[in-house]
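Inspection log for the structure reproduced underneath, given as structure tokens.
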Amino acid sequence: MNSTTFSHIPCGQTLPLNNIHAVSVSMPNLQDVIDYEEQTPQILEKIQSAYPRFVMHPYLKLLASYIKEKYKVSDAYEVVLLSSQKAVNVVSNKYFIHNKIEINEPFGVILVQNGTTQLQKVLKFIQHVGYNLSSRLAQEYLFKEGLLATRHDEEYEDEKTAYDTLTKTLADAYNQPQKNVCLTPSGMNAVYCALRGLKSIQNGNGKTKLIQLGWLYLDTMNIVEHYFDENKIFYDINNLDLLEDYLKTDGHTISAIITEIPTNPLLQTVDLPRLKALCIRYNILLVIDATFATPFNLDLKPYADIYVESLTKFACGNADVLMGALILNENSKISMISQEFFKHADMPYIKDIQRLAYEIKNYESRMKIISSNTKKLVEYFKTAPFIDEIFYCLSPKYASNYEKLMINKDCYTGIISVTFKKDFKEVYDKLNFAKGPSLGTEFTLLMPYTYLAHYDLVTSQKGQEFLKEIGLPINLLRISVGVEDIDEIIKEFERI
């Protein structure tokens with residue numbers, strides 16, 4: 001059966017198509033993914049832009065060259081651009097960087113000596129904590145300097161109302177006061193602000209450890225390691241007995257527990273009422289990454305002290321804005337000291353706020369369609385002969401935990417991960433959906449999760465053993481379900 005809705009998207013095309021601010025990029029073949037991970041010269045020619053925390057945007061490259069020339073920076077130094085002066089101060093203090101030149105720009109600039117391990121460390125840190133300069137800010141600057149002939153044409157919310165529209169939409173969705181919502185330049189920056197705040201308020205109480213519950217997103221784990229010398233990971237979120245035994249002896253030293261609801265990419269949900277009871281008993285704060293949950297599928301208000309959400313995902317829906325939100329729960333005593341968390345945040349660039357304020361208006365209606373499509377696609381996969389295993393929000397092992405949190409019976413998280421009975425490369429290469437990093441888009445987006453997120457583990461014997469141990473299949477396809485006609489989505493899978 002042939003599909004007409006979906007067609008092959010060449011490697012290197014932006015996702016969404018023809019959008020210079022796209023945060024995803026087409027990698028239609030598994031070999032493209034492998035080449036990208038191994039950074040082969042051929043793939044670097046094709047992939048000019050990708051997820052902005054991992055690949056430097058072409059406008060940022062152009063801007064860095066311009067700044068180098070403008071301030072006559074010696075070739076001994078690399079010009080590194082950051083979201084703000086605040087970001088410069090954080091990075092400079094951490095890595096003892098002292099710029100030799102006074103640089104006065106509406107964004108952050110640091111000069112790092114070339115050929116040093118320091119440069120790699122700085123770039124990694126910026127990637128992990130999400131202090132990247134906005135491509136829209138770079139675009140505006142370059143246009144005004146005459147280095148760009150045009151600006152990307154897109155729709156915006158009015159500058160005067162955008163911030164209020166965006167924060168009010170989130171506050172209403174999460175059923176929180178607007179003052180408890182803080183915008184950040186990326187989802188990882190929201191995680192960073194939460195953990196920095198926790199560190200500063202809890203250290204004095206002797207609560208120096210952090211617990212990670214479940215296999216969390218890679219950069220979340222990296223931030224934890226940056227800021228908490230002691231952290232403990234419990235990979236199996238279904239085994240709260242193990243956590244409880246640990247808390248009986250060490251509970252007094254735990255600052256917070258951080259988890260994702262449901263987890264990425266296996267859609268596992270912890271028994272949240274039981275976890276919350278443990279947190280109350282041992283006076284531990286609970287940080288929930290609610291990016292997958294969204295405020296329209298699950299009600300997490302009785303449980304979270306702090307929510308973080310990557311607004312780049314479902315809230316945006318178009319994969320063309322990098323932004324995050326840190327939301328303090330009014331039910332929690334920490335909401336009284338919001339400044340301890342919010343002071344670490346960087347205000348996103350106004351044009352990004354305007355763009356997201358325009359896109360977020362469809363957040364709730366988008367989630368209804370995505371949830372409905374997800375539910376139908378799961379039912380199809382259950383009978384599809386080529387599917388080996390399905391991981392979704394109501395997978396039998398975790399269904400009762402998820403059901404306790406659902407706003408209504410149709411609230412399916414819009415992600416399904418699957419393994420196949422057929423050769424993975426053959427299946428991946430054949431499907432004509434958009435394929436690349438990120439999720440939460442209105443268009444169905446596939447990602448070979450383990451290859452893109454943990455290639456280092458895929459390519460070593462020890463790594464493969466570890467993946468087996470934590471139950472993360474190498475040949476896992478993560479499907480971010482879009483709003484297209486569900487019959488067309490199913491028809492495309494029937495081509496396998």
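The values are calculated or read from the model by the stated rules, or taken from the named source; none is laboratory data. These numbers come from a predicted model, not from an experiment. In this analysis, Cβ positions are derived from the backbone assuming ideal geometry, glycine residues included, and neighbour counts consider all displayed protein chains. When the accessible area is computed, the model is the full protein with side chains, heavy atoms only, and any ligands, DNA or RNA have been set aside. Shrake-Rupley method; radii C 1.70, N 1.55, O 1.52, S 1.80 Å.
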Of the numbered conditions (1) surrounded by 23 or more Cβ atoms within 10 Å (Cβ to Cβ); (2) in contact (Cβ under 8 Å) with a residue 40 or more places away in the chain; (3) outside any loop (DSSP other than H, G, I, E, B), Pro262 satisfies every one except a single condition; which is it?
(3)
Out of everything in the stretch 44-78 that is open to solvent by less than 10 Å² (accessible area, probe 1.4 Å) and modelled with pLDDT of 95 or more, what residue ends up being farthest from the chain's Cα centre (by Cα)?
Ile67
In the stretch 266-294, anything on the phi < 0 side of the Ramachandran plot, in a helix (DSSP H, G or I) and either open to solvent by less than 10 Å² (accessible area, probe 1.4 Å) or at pLDDT below 95 (or both) is listed as Leu272, Leu275, Leu278, Cys279
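Look at Tyr235 and say whether it is closer than 28 Å to Pro177 by Cα and either in contact (Cβ under 8 Å) with a residue 40 or more places away in the chain or of a type in the set (Phe, Trp, Tyr) (or both).
When the stated conditions are applied, Tyr235 does not pass them.
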In the stretch 423-438, how many residues are outside any loop (DSSP other than H, G, I, E, B) and either among the hydrophobic types (A, V, I, L, M, F, W, C) or at positive phi (or both)?
3
Would you check if Leu247 is of a type in the set (A, V, I, L, M), under 21 Å from Leu405 (Cβ atoms), surrounded by 19 or more Cβ atoms within 10 Å (Cβ to Cβ) and over 24 Å from the mean Cα position of the chain (by Cα)?
no
Tell me yes or no: at least one residue of the stretch 172-182 is without any contact (Cβ under 8 Å) to a residue 24 or more places away in the chain and touching a Ser or Thr at 6+ places or on another chain (Cβ under 6 Å).
yes
Before we move on, is Thr253 within 28 Å of the chain's Cα centre (by Cα) and touching a residue at least 24 places away in the same chain (Cβ under 8 Å)?
no
Which one of the conditions (1) over 28 Å from Pro10 (Cα atoms); (2) open to solvent by 80 Å² or more (accessible area, probe 1.4 Å); (3) of a type in the set (D, E, K, R); (4) touching a Phe, Trp or Tyr at 6+ places or on another chain (Cβ under 7 Å) does Lys375 fail to meet, given that it meets all the rest?
(2)
Is it the case, given these coordinates, that Glu78 is over 22 Å from Leu147 (Cα atoms), of a type in the set (Asp, Glu) and in contact (Cβ under 8 Å) with a residue 12 or more places away in the chain?
no
Every residue from the stretch 378-418 that is open to solvent by less than 10 Å² (accessible area, probe 1.4 Å) and touching a Cys at 6+ places or on another chain (Cβ under 7 Å)
Tyr402, Thr413
Anything in the stretch 378-408 that is within 24 Å of the chain's Cα centre (by Cα) and closer than 14 Å to Val418 by Cα? List them, or say none.
Val378, Ile390, Phe391, Tyr392, Cys393, Leu394, Ser395
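Determine whether Ile496 is more than 23 Å from the chain's Cα centre (by Cα) and at pLDDT 95 or above. Walk me through it before giving the result.
Details: more than 23 Å from the chain's Cα centre (by Cα): yes; at pLDDT 95 or above: no.
Answer is no for this residue.
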Tally of residues being within 21 Å of Leu240 (Cα to Cα), touching a Ser or Thr at 6+ places or on another chain (Cβ under 9 Å) and either open to solvent by 10 Å² or more (accessible area, probe 1.4 Å) or in a helix (DSSP H, G or I) (or both) across the stretch 295-313
1
Go through (1) in contact with a helix residue (DSSP H, G or I) (Cβ under 7 Å, 6 or more places away or on another chain); (2) outside any helix (DSSP H, G or I); (3) open to solvent by 50 Å² or more (accessible area, probe 1.4 Å); (4) modelled with pLDDT of 95 or more one by one and return the number of the condition Pro10 breaks.
(1)
So which residues in the stretch 196-214 are of a type outside the set (A, V, I, L, M), open to solvent by 10 Å² or more (accessible area, probe 1.4 Å) and in a helix (DSSP H, G or I), if there are any at all?
Arg196, Lys199, Ser200, Gln202, Asn203, Gly204, Asn205
If we take the stretch 88-195, then helices (runs of 4 or more DSSP H) inside it with 1 or more residues that are among the acidic types (Asp, Glu) are 135-144, 162-174
Among residues of the stretch 448-496, those that are assigned to a helix (DSSP H, G or I) and open to solvent by less than 40 Å² (accessible area, probe 1.4 Å), counted
17
Condition check for Glu37: at pLDDT below 95, buried (at least 16 other Cβ atoms within 10 Å of the Cβ) and among the acidic types (Asp, Glu):
yes
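Looking for whichever is of a type in the set (Lys, Arg), more than 30 Å from Asn18 (Cα to Cα) and modelled with pLDDT of 95 or more here; the options are Lys313, Lys376, Lys333. Which one fits?
Being of a type in the set (Lys, Arg), more than 30 Å from Asn18 (Cα to Cα) and modelled with pLDDT of 95 or more holds for just one of Lys313, Lys376, Lys333, which is Lys376.
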Are there any pairs with C-beta distances below 8 angstrom linking a residue in the stretch 133-157 that is over 14 Å from Leu81 (Cα atoms) to a residue that is small (Gly, Ala, Ser) and crowded, with 18+ Cβ neighbours inside 10 Å, with the two at least 6 apart or on different chains, and if so which?
Tyr156/Ala162; Tyr156/Ala357; Glu157/Ala357
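Being in contact with a helix residue (DSSP H, G or I) (Cβ under 9 Å, 6 or more places away or on another chain) and open to solvent by less than 10 Å² (accessible area, probe 1.4 Å), is that true of even one residue in the stretch 229-236?
Among the residues of the stretch 229-236, not one is in contact with a helix residue (DSSP H, G or I) (Cβ under 9 Å, 6 or more places away or on another chain) and open to solvent by less than 10 Å² (accessible area, probe 1.4 Å), which makes the answer no.
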Out of Tyr163, Tyr156, Tyr217, Tyr174, sole residue that is surrounded by 15 or more Cβ atoms within 10 Å (Cβ to Cβ), in contact with a strand residue (DSSP E or B) (Cβ under 8 Å, 6 or more places away or on another chain), under 16 Å from Val321 (Cα atoms) and among the hydroxyl-bearing types (Ser, Thr, Tyr):
Tyr163
